[in-house]
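Here's the structure we're looking at; comments come further down.
The values are calculated or read from the model by the stated rules, or taken from the named source; none is laboratory data. Keep in mind that this is a model prediction, so the values were computed, not measured. Here the Cβ positions follow ideal geometry from the backbone for every residue, glycine too, while neighbour counts run over all protein chains shown. The area values use the complete protein model at the heavy-atom level, side chains included, leaving out ligands, DNA and RNA. Shrake-Rupley method; radii C 1.70, N 1.55, O 1.52, S 1.80 Å.
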Amino acid sequence: MTHIIDGKAFAKGLRAEVGRKVAHIKEAHGVTPGLAVVLVGEDPASQVYVRNKGKQTVEAGMQSFEHKLPAETSQDELLALIDRLNEDASVHGILVQLPLPAQIDEEAVINAIRPDKDVDGFHLSNVGKLATGADGIVPCTPLGCLMMLKDYLGDLSGKRAIIVGRSNIVGKPMGLLLLRESCTVTMAHSRTVDLPGEIRRADIVVAAVGRPKMIQGDWVKPGAVVIDVGINRIEKEDGKTGLVGDVDYESASQVAAAITPVPGGVGPMTIACLLHNTLQQACRLHDIPVPE
Ligand code: GUN
């Protein structure tokens, strides 16, 4: 029987832990962490995310600041808002929801956020820290995946891990995190030759390609742990829409030792890790230790 990794329950526990620590720093230091989320445009999926982020931020005892800007916002207008948030002492974390409309240069916006208020870990200085092994902010989705892997497997050292997908948000930081845990890491992508063969050698599979059910059960080594980052909306046979991952869950769950479902796996962990990162930044900005 495969073990289903319950990301929803794990995230609930992590949010409660963050809430407890927030209560402590409020009490002991008079600091209330604040998270500002910026949404440009009206992408429906992004709107749902932003709403959930706001709700869970408040539930954890933090302040939530939402900035919704019209789709035609110019880069200068967005940069001006970021400047104000950089200066605002009640804001400890700034997240600009991606993707941004075409007229805005994403890289310029990400790097305009003060690195000590970056809660996505996308600023070049935080990317550099992760790459060199220094202490910094780690991107939320890979951090959530790592927490679930360590919770299930314990020590990861020496494990063969494959990451399918090389995005800046998930694939690349995931590879660096697993390397830091002393895994032997393979980064696979659209040009990889014999992807099934590469995946069959792995003890840990992290799928982050955005292709519905691409990874088949017979590509998975028996006993491997499968983390499915994909969230793909598909039309089902009955005409309704449904969410599926990048892994064919039915067949992969027959062979994997453990697997994350979609939905209810990686998804809920991302926001929980965002709250975790916001707490880290608030403590760092006020030079107070992160509570145990
Ligand atoms: N869009 C999809 N995932 C993310 C994320 O983790 N952070 C931001 N800022 N935008 C996203």
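Could you check how many residues of segment 233-251 are free of Cβ contacts under 8 Å to residues at least 24 places away in the same chain and open to solvent by less than 30 Å² (accessible area, probe 1.4 Å)?
1
So which residues in segment 161-203 are part of a strand (DSSP E or B) and surrounded by fewer than 24 Cβ atoms within 10 Å (Cβ to Cβ), if there are any at all?
Of everything in segment 161-203, those that are part of a strand (DSSP E or B) and surrounded by fewer than 24 Cβ atoms within 10 Å (Cβ to Cβ) turn out to be Thr184, Val185, Thr186, Met187, Ala188.
When only residues in segment 130-160 that are without any contact (Cβ under 8 Å) to a residue 60 or more places away in the chain and within 23 Å of Leu85 (Cα to Cα) count, which is surrounded by the most Cβ atoms within 10 Å (Cβ to Cβ)?
Pro139
Return the residues of segment 56-68 that are open to solvent by 60 Å² or more (accessible area, probe 1.4 Å) and farther than 27 Å from Asp83 by Cβ; say none if nothing qualifies.
Result: Glu59, single match.
I'd like the residue in segment 91-110 that is within 10 Å of the ligand (Cβ to nearest atom) and closer than 20 Å to Val31 by Cα and, out of all such residues, is farthest from the chain's Cα centre (by Cα).
In this case the residue turns out to be Ile94.
Take the conditions over 15 Å from the mean Cα position of the chain (by Cα), closer than 23 Å to Glu27 by Cβ and of a type in the set (Asp, Glu) and apply them to Glu292. Does it pass?
For Glu292, the condition - over 15 Å from the mean Cα position of the chain (by Cα), closer than 23 Å to Glu27 by Cβ and of a type in the set (Asp, Glu) - is met.
List, please: which pairs have Cβ atoms under 9 Å, are six or more places apart or on different chains, and start with a residue in segment 53-71 that is within 15 Å of Lys26 (Cα to Cα) and end with one that is part of a helix (DSSP H, G or I) and at pLDDT below 95?
none
For segment 252-270, name all the residues that are outside any helix (DSSP H, G or I), under 16 Å from Trp219 (Cα atoms) and open to solvent by less than 20 Å² (accessible area, probe 1.4 Å).
Ala256, Ala258, Ile259
When you scan segment 274-282, do you find a residue that is in a loop (DSSP other than H, G, I, E, B), among the small types (Gly, Ala, Ser), away from the ligand (no atom under 15 Å from the Cβ) and within 21 Å of Thr57 (Cα to Cα), even just one?
The answer is no, given that none of the residues of segment 274-282 is in a loop (DSSP other than H, G, I, E, B), among the small types (Gly, Ala, Ser), away from the ligand (no atom under 15 Å from the Cβ) and within 21 Å of Thr57 (Cα to Cα).
Among the residues of segment 148-160 satisfying the criterion of being part of a loop (DSSP other than H, G, I, E, B) and touching a helix residue (DSSP H, G or I) at 6+ places or on another chain (Cβ under 9 Å), which is nearest to Ile204 (Cα to Cα)?
Filtering segment 148-160 for residues that are part of a loop (DSSP other than H, G, I, E, B) and touching a helix residue (DSSP H, G or I) at 6+ places or on another chain (Cβ under 9 Å), the one nearest to Ile204 (Cα to Cα) comes out as Lys159.
If a residue has to be under 16 Å from Val38 (Cα atoms) and more than 15 Å from the ligand (Cβ to nearest atom) to count, how many in segment 79-90 make the cut?
8
Given the residues Ile110, Ile94, which is the only one that is in contact with a Phe, Trp or Tyr (Cβ under 7 Å, 6 or more places away or on another chain), within 24 Å of Glu42 (Cα to Cα), aliphatic (A, V, I, L, M) and crowded, with 19+ Cβ neighbours inside 10 Å?
Ile110
I need every pair where a residue in segment 274-292 that is open to solvent by 40 Å² or more (accessible area, probe 1.4 Å) has its Cβ under 8 Å from the Cβ of a residue that is among the charged types (D, E, K, R), sequence separation at least 6 or different chains.
Sorted first by the residue in segment 274-292, then by its partner, the pairs are Arg284/Asp116; Leu285/Asp116; Leu285/Lys117; Val290/Lys21.
Might you check whether a residue that is more than 10 Å from the ligand (Cβ to nearest atom), touching a Cys at 6+ places or on another chain (Cβ under 9 Å) and in contact (Cβ under 8 Å) with a residue 12 or more places away in the chain occurs anywhere in segment 111-129?
no
Tell me whether segment 16-33 contains one or more residues that are farther than 30 Å from Val255 by Cβ, open to solvent by 60 Å² or more (accessible area, probe 1.4 Å) and either within 16 Å of the ligand (Cβ to nearest atom) or within 17 Å of the chain's Cα centre (by Cα) (or both).
No, that holds for no residue.
May I ask you to list the residues in segment 56-83 that are in contact with a strand residue (DSSP E or B) (Cβ under 8 Å, 6 or more places away or on another chain) and closer than 20 Å to Met269 by Cβ?
Thr57, Val58, Met62, Ser64
All but one of (1) touching a strand residue (DSSP E or B) at 6+ places or on another chain (Cβ under 8 Å); (2) within 23 Å of Glu72 (Cβ to Cβ) hold for Leu98; which doesn't?
Failing condition for Leu98: (1).
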